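A short worksheet on the structure shown next.
The values are calculated or read from the model by the stated rules, or taken from the named source; none is laboratory data. A quick note: this is a predicted structure, and the numbers were derived from the prediction, not measured. Note that each Cβ is placed from the backbone with ideal geometry, even for glycine, and that neighbours are counted across all protein chains shown.
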Amino acid sequence: MEFIAFTYVGNFVDRRVIDEVVFNVFDGANRFFDEEGLPLRFLYIGRLKLEPGYLINLTTEEGRVMVYPLEALVELLYSRLLREMEGQRGIRMNKIFALTTFPLVSRNRYFDFYEKFLGVHETLLGLRMMMLSMKPFEPEGLSRLLAAGKTGGNLDVDAGRGVKLKLRLFKDRLLKGVLHEVGHSFGLEHCHNQCVMNSPASMEEWDLRPPGYCDDCMAKLRTSLGDGAMG
């Protein structure tokens, strides 16, 4: 069995998003691995805390937004994974996956601008760091509804039902995003089938993707995982 350490990097996150989205995403991924007979599991290692000073405030076409610097996150995840490996010597684990609540950016070393990323993979000395920004997957209007409930606003029955549906949609979108990045970490490329490895042109298209791999991608994933992956 191979394990992937997972954490979330979150500032100013509603508790319901953590409970009903983040944890359910990784529980769902583990159920998927188990049902498919894949010798792979996520292992929760706690939240990765970043001081507010790590956040960068950028001016974009959408206005001022807060983002995480990719380089700082890579270093923190690498250090955290080393500590986890030291304390978990009996298990096979050389990868870490982090969901982030803010966009990920990296500054071009030669020019004064930042490039935004949705998902990022970095490898240092044989250890794999994976990061996925949650923000692009968030359903429109969810933050507003959650804020209204948190500040004592009265949500009617329809609004409460709307929150539940948006949280479920958020979870479903993220689960497919996590499976996509996991696929890349084991050598899968983008494909053109009905599959999480088929990159969408829009979030609406992503909503139509099944939460799993096509036969070709699954076969490649099993081969990458070795003989422990039962067909």
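Computed values, structure above
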read-out	value
Residue match in segment 39-61 (condition: touching a Lys or Arg at 6+ places or on another chain (Cβ under 8 Å) and among the basic types (Lys, Arg))	no
Counted residues, segment 65-110 - those being hydroxyl-bearing (Ser, Thr, Tyr) and either modelled with pLDDT of 75 or more or part of a helix (DSSP H, G or I) (or both)	4
Residues of segment 183-217 classified as under 19 Å from residue 132 (Cβ atoms), in contact with a Pro (Cβ under 9 Å, 6 or more places away or on another chain) and surrounded by fewer than 12 Cβ atoms within 10 Å (Cβ to Cβ), total	0
Positions within segment 25-48 being in contact (Cβ under 8 Å) with a residue 24 or more places away in the chain and over 12 Å from residue 99 (Cβ atoms), in sequence order	28, 32, 36, 37, 38, 39, 40, 41, 43, 45, 46
